[in-house]
Amino acid sequence: MGGLSSYAWRSLAARPLRTILTAVGIALGVAVLVAALATNAGIDGSIERTVQDTLGRANLRVEGFTERGLSADTVTLISTTPGVAATTALLERRTYLAPDPATPPTTTLPAPVTVLGIDPATYAGIHDLDLASGEGLASVDAAGALITERMARETGLGLGQSIALEGTDGPRKEPIVGILAADGPLTTTDGRTVLVGLTEARAAFGTTEVSRVDLRIGDDTSTAAVSQELEGRLSGEPYVLSGPAELAASIRASTVDFQATTALIAALALFGGAFLIFNTLSMTVAERAREVGLLRAAGATRRQVNGLILIQALLIGVAGSALGVVLGGGLAGLVAVYLRNAAIVPIDGPVIGPLAAAAAVVVGTIVTLAAAIEPAIRAGRIPPIEALRPFGIERAVRARLRWLVVVFAVVAAVGAALWPFAAGAAAASGLVRWLAVYAILLAATVLTPVLLGPLGRIAALPFRLVAPGAVRLTRGALVRDRSRTTLAVGALTVGLAMIVALGGMAADARRAATAWIAGVVPGEVIATSIRPVAVDEPIQSDLAAVIGVARVSPMAAFQASFRGVRLDASAVVGADLLADGRLTFSAGDRTAALHAIDEGGATIVPASLADALALRVGDDLAFPIGAGQQVGLRVVGIVERTPPGRAGESILVGWRDATVGFGVSGADAFAVRFQPGATPAERDALTATATADALEANPVDRIAGAVDATLVRIFGLFDALALVAVIVAGLGIVNTLTMNVYERVREIGVLRAAGMTRPQIWRMVVVEAGVLGVVGAILGCLTGLVAGAALVALSGTGRLDVAFAPDWPSVLAAAAFGIVVAMLAAIWPARLAARLSIVRAVQYE
């Protein structure tokens, strides 16, 4: 076997360009895998850091279920619960900095700040405060404020100065006694955090409640025991009990789709690399079939010949995988920078541990070996006697494409192993969707040999106009070895199909998001508040009094508990939704349902929630609100879409139920509808009025545009990763065309002898690549459209009755890119063919 190992190495070294290109193809596939692993590990690390920063040394958090928070009695019950070693109560509110009287008024609102009221004595037992300068708060009721370094830079405030916070009764000034390092203790405020004493915070916002209580459990007590005790004691008001695992799960839920898609693209890139390995080793078997036959005649066994091919694959796989780890580290760094700048998902940076790097090398090697098994078996079956005949091994060297099913199974298993199951049931269900798309891509590849002939004739049509002679000469080359051509075209098909499918899915998501917002908001402008606006405040009247305004509809987001599940809910005015033509009903009478929620005791639920909870029109729902009380609502309608909440779509309730039953204290936003023909000056007047009342007014179109821009950034990253698979396909085309040139050396020599010039030979190879590119583009785009339609139909937000509308610009761009990659891949083989000596070519055997 040692001699065969040396022979395997010499065989690879004899074709250095092909070996290098194949190793680079594997390296690119592994690089995407490493980038996916490192990015997902970085996301997980950022989530863990966020949980640690949020909870500190707390084992549990008790948070007020409603915006009123937790009463002083509840805080006392929590702190006196057996097993609780330490507690700290916190009050969190958003507000604005009071404007400087010396500064001219502005028509835009400043960025809000988050005020966190703490008891310094108890807070230090659970949370750490990293001070950059100054000192901490003296006591729970002492005046003073701590601001973050980031906020100090942005506002120009420092130690010894005062910060003015807008409170319930007007601005309140607090002296700045300390500067917190970096962005401070809260991770979701962009560093705009102000810490004050709990007594000062309560006075500023006119409340006696707190937002939450963090608690640390004693060493001799279990978290489960304390949780059970709290559930028995806290019955006076609704609350949410969570620990590090629940907090991490809620954050991780927002990253499920991103992590799942990167895992899929990594699997497809590896699949493209498998095509390249399969093609390369198949060409090696065909090219050295006579040598293999001589080895068999000299006494080499089938097992030894099999080992020869597998050793070649192992050498390429290990080298390519090791290079892929290096390239993947750089790619992961670029992805992390992109994600941080775009603020798409939480990530501090990529994490590439030794286990992840080793796993990537192992996966790359396994996929390489899986792709090499069929060529190895085929090489071992070459009969020694037939190998010595001039044309006796034609059938033996043909690749059998059905082996791709085995490669598909291996790569699918790798993709399943990389899938982010820890992100929840949504990730597990998403795996089925992506495997279905993966199967579509495989089916298209397997059907390629059948479609190669007719598609090749169609693809040659545009080239007939510029090089009719070259087209006639390339036709035979394309069908000389259908398996080899299929592998080259198949890899290109997979890459382009993924780009087209992602482009279609992105377009559908953008259309759905725009239609979603426009279909549930009863107005043209949304004026949002950072605090609940009570019904007795004059803000709604101020907006309605603006000339040109036809209607102002208050809206509020809150949460409700149903069957132990936390649901999003929205308080709305049914009459306004009815007058504005909003909501698409799938069950229930529209007019009766919208009037019913205004009258009370009724709710309208989204179709997604109705399907998940098996709800129907007429069902009675009970929502506990604490102290043994509950709010009863009857389902009067089911609609396609409702306003989005924290985790999903909201149930709709009227304001009577929201305020009296669920304790909603005010509106979070106002939807404003203008009268027909409202002038720009009247619209500007509304913005000015909203700003004066500390509301941020945004047209619905602008909100939809912001959502659209975010989706463009996300899918742009996916497309960039998917392009790697197309580049790998380009390397396969280089191999295929090079092999075609070697097989046609004598033919090319005869053509040269008959008068064909070097530029004509060069053009012939480039046209051949162009035809391959057009065939791959046609198959890739058609397959991508089918895969995109499947993604939309099977997605969590899509519905089977929604027509898939292709994103034709992305389809055309993908097709053009595939053709360009294929023709660029022809440069080296074309140069090789054009430089062949006529005499040597005619004598070549």
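Values for this structure:
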{"quantity": "Sequence-distant residues sharing a close amide H with D619 (under 5 Å, placed H)", "calculated": "V635"}
{"quantity": "Relative packing of peptides 498-505, 485-492, 601-608 - highest average C-beta neighbours within 10 Å first", "calculated": "485-492, 498-505, 601-608"}
{"quantity": "Compactness index (Cα Rg / 2.2 N^0.38 Å), the chain", "calculated": "1.17"}
{"quantity": "Rounded, prolate or oblate (a/c below 1.5 giving rounded, otherwise prolate when a/b exceeds b/c) for the range 552-591 by Cα gyration tensor", "calculated": "oblate"}
{"quantity": "Interchain or long-range residues, amide H under 5 Å from A587's placed H", "calculated": "I638"}
{"quantity": "The chain - accessible surface per residue (Å², probe 1.4 Å)", "calculated": "42"}
{"quantity": "Spin-label model distance (nm) - D219 vs A706, 7 Å beyond Cα toward Cβ", "calculated": "4.9"}
{"quantity": "Local electrostatic count at E200 - Lys and Arg +1, Asp and Glu -1, tallied over other residues with Cβ under 12 Å", "calculated": "+1"}
{"quantity": "Accessible surface ranking that places the most exposed of E63, E599 first, with a 1.4 angstrom probe", "calculated": "E599, E63"}
{"quantity": "Only Lys, Arg (+1) and Asp, Glu (-1) charged, at Cβ; the chain dipole about Cα centre in debye", "calculated": "6700"}
{"quantity": "Contact order normalised by residue count of the chain, Cα under 8 Å, 6+ apart, percent", "calculated": "17"}
{"quantity": "Inter-part distance where the range 230-273 and the range 514-532 are each reduced to a Cα centre, Å", "calculated": "27"}
{"quantity": "Total formal charge among the other residues, if their Cβ is under 10 angstrom from that of R302, Lys/Arg +1 and Asp/Glu -1", "calculated": "+3"}
{"quantity": "Ranked packing of 212-222, 821-831, most packed first, by mean Cβ within 10 Å", "calculated": "821-831, 212-222"}
{"quantity": "Gyration tensor (alpha-carbon) shape descriptor, the range 36-111, a/c threshold 1.5", "calculated": "oblate"}
{"quantity": "Kirkwood hydrodynamic radius of the range 1-131, from inverse mean 1/r over distinct Cα pairs, in Å", "calculated": "21.7"}
{"quantity": "Other-chain or far-sequence residues with amide H under 5 Å of F674's (modelled H)", "calculated": "E524, A550"}
{"quantity": "Formal net charge of residues neighbouring D53 (Cβ-Cβ distance under 11 Å; K, R +1; D, E -1)", "calculated": "-3"}
{"quantity": "Cβ crowding within 10 Å averaged over residues, with 69-80, 184-195 ranked highest first", "calculated": "184-195, 69-80"}
{"quantity": "Expected 222 nm ellipticity per residue - DSSP helices of 4 or more, -39500 (n - 2.57), all of the chain, to 500", "calculated": "-19000 deg cm²/dmol"}
{"quantity": "The chain - share of DSSP beta bridges that are antiparallel (%, nearest 5)", "calculated": "80"}
{"quantity": "Accessible carbon and sulfur surface of the chain relative to its total accessible area, %, 1.4 Å", "calculated": "60"}
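The values are calculated or read from the model by the stated rules, or taken from the named source; none is laboratory data. Everything numeric here is computed off the predicted structure, so don't read it as measured data. Positions of Cβ are backbone-derived with ideal geometry, glycine not excepted, and every protein chain shown enters the neighbour counts. The protein model used for the area step is the full one, side chains on, heavy atoms only, and it has no ligands, DNA or RNA in it. Shrake-Rupley method; radii C 1.70, N 1.55, O 1.52, S 1.80 Å.
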